[in-house]
Amino acid sequence: MLDLQRLRALHAVSVHGTVGAAAAALGFTPSAVSQQITKLERETRTVLLEREGRGVRLTDEAWHLVDVARELLALVERAETRLEERRGVPSGRLTIAAFASAARGLLPSVLADLAVRHPALDARLTEVDPHLSVDLVAKGAVDLVVAHDWDIAPLPAPAGVEQAPIGEDLCDLLVPEGHRFAGRTAVRRDELGGQRWICQPPGRVCHDWLMRTLRGAGHEPDIVHQADENPTLVALVAAGLGVALIPRLGRGPLPAGVVEVPLDPMPVRRLYALWRTGAARRPAIAETVRALRAHWPDVAARTNRPGA
């Protein structure tokens, strides 16, 4: 008899790529996940993981079990959804993945609201980049995702995944004090050539948006500094090392030496909640989406204040 929790551990490794990342997603230690898979190997008398450099590689037999695990976990999800639906109140564990600035600027108030309103609901947050999180919800690794796209780069929802809009986040050009754009009421996109840019690394949604925007205006970006976190980008601008395009959500107050300049047209980042179609009737999903949309106006009002 195959153990469902051991199959869940193997499935998590297949989705997240490493034992450590799978453990973080499941809320276990890496050694606990390794033990689960070792026991599964003994039960099946099959090698499931092989060492590959510093990581692991799933064998062909493991991928067969992953397909089975995905089907079983989907059945379990449907059963849990029906039970929760019959109770009529949000309950059980709900795993949420959100990108960094939403995790910092929106989710704390939403999670606190859910904890007060629905004590039987165990909502748990993981910070994940949008281009990864949508795949995670599609594969059943998380229950709900808060992701974003840009006005020039829409976010497609894969088959079997539903989405609902949460709100729109605005983005400003940040320049050092004394820069020629400082004090301007607005800057057009076709004026952005010749700047030294500070942005996130390639593969991140914000980086890709910047490249497409500048190239669309006829400018080849000169990217001089790259960092994952927006506070780091802002600090580099404050040091006079370049300019950056930074969304307002989760940005926090600007330090001395940084000037916020609106772009014309203003870049817009759209926020969405995404979940699997099979879980759409789950009260926990519906209530979390409601809370996200209900809290967004207050969050947007705070972040849209000048210098906020």
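The values are calculated or read from the model by the stated rules, or taken from the named source; none is laboratory data. The shown structure was predicted, so the numbers you read here are calculated from the model rather than taken from an experiment. Cβ sites come from the backbone with ideal geometry, for glycine too, and all protein chains shown count toward neighbours. To get the accessible areas, we keep the full protein, side chains included, count just its heavy atoms, and leave off ligands, DNA and RNA. Shrake-Rupley method; radii C 1.70, N 1.55, O 1.52, S 1.80 Å.
So for the pair Asp190, His131, with labels modelled 7 Å out along Cα→Cβ, what separation do we get in nm?
Label-label distance for Asp190 and His131, simple model: 3.0 nm.
Using a 1.4 Å probe on the protein heavy atoms only, what accessible surface does Ile96 show? Give it in Å² to the nearest 10.
My reading of the accessible area for Ile96 is about 0 Å².
Roughly to the nearest percent, how much of the accessible area of the chain is carbon and sulfur, given a 1.4 Å probe?
Numbers: 7800 of 14720 Å².
Ligands and nucleic acids excluded, carbon and sulfur reach 53 percent.
Is the range 12-113 best put as rounded, prolate or oblate by its Cα gyration tensor, with a ≥ b ≥ c the root eigenvalues, rounded for a/c under 1.5, and otherwise prolate when a/b is larger than b/c, oblate when not?
Details: a/c = 2.75, a/b = 1.48, b/c = 1.86.
It comes out oblate by the Cα gyration axes.
Cα gyration tensor of the range 45-161, axes a ≥ b ≥ c as square roots of the eigenvalues: rounded (a/c below 1.5), prolate (a/b > b/c) or oblate?
On the way: a/c = 1.96, a/b = 1.31, b/c = 1.50.
It is oblate, given that a/c is not under 1.5 and a/b is not larger than b/c.
Can you compute the FRET efficiency between Glu61 and Arg82 using 1/(1 + (r/R0)^6), with r the Cβ-Cβ distance and R0 = 30 Å? Round to the nearest 0.05.
Working: r = 32 Å, r/R0 = 1.08.
Plugging the Cβ-Cβ distance into 1/(1 + (r/R0)^6) gives 0.40.
Can you give the accessible area of Glu85 in Å² (nearest 10), computed on protein heavy atoms with a 1.4 Å probe?
Near enough 80 Å² of accessible area.
Could you give the accessible area per residue of the chain, probe 1.4 Å, as a whole number in Å²?
Details: 14720 Å² over 308 residues.
Value for the chain: 48 Å² per residue.
Per 0.36 nm of contour for each residue apart, how much would the distance between Arg212 and Leu170 grow if the chain were fully extended, relative to their Cα-Cα spacing? Show your work: numbers first, answer last.
Values: separation 42, 0.36 × 42 = 15.12 nm, distance 1.75 nm.
13.4 nm is the gain from fully extending Arg212 to Leu170.
Order Met266, Met1, most accessible first, counting only protein heavy atoms with a 1.4 angstrom probe.
Numbers: Met266 55, Met1 215 Å².
So, going from the largest accessible area down, we get Met1, Met266.
Helix-only mean residue ellipticity at 222 nm, the chain, DSSP H runs n ≥ 4 weighted -39,500 (n - 2.57), per residue, nearest 500. What is it?
Values: 10 runs with 132 residues, N = 308.
Value at 222 nm, helices only, nearest 500: -13500 deg cm²/dmol.
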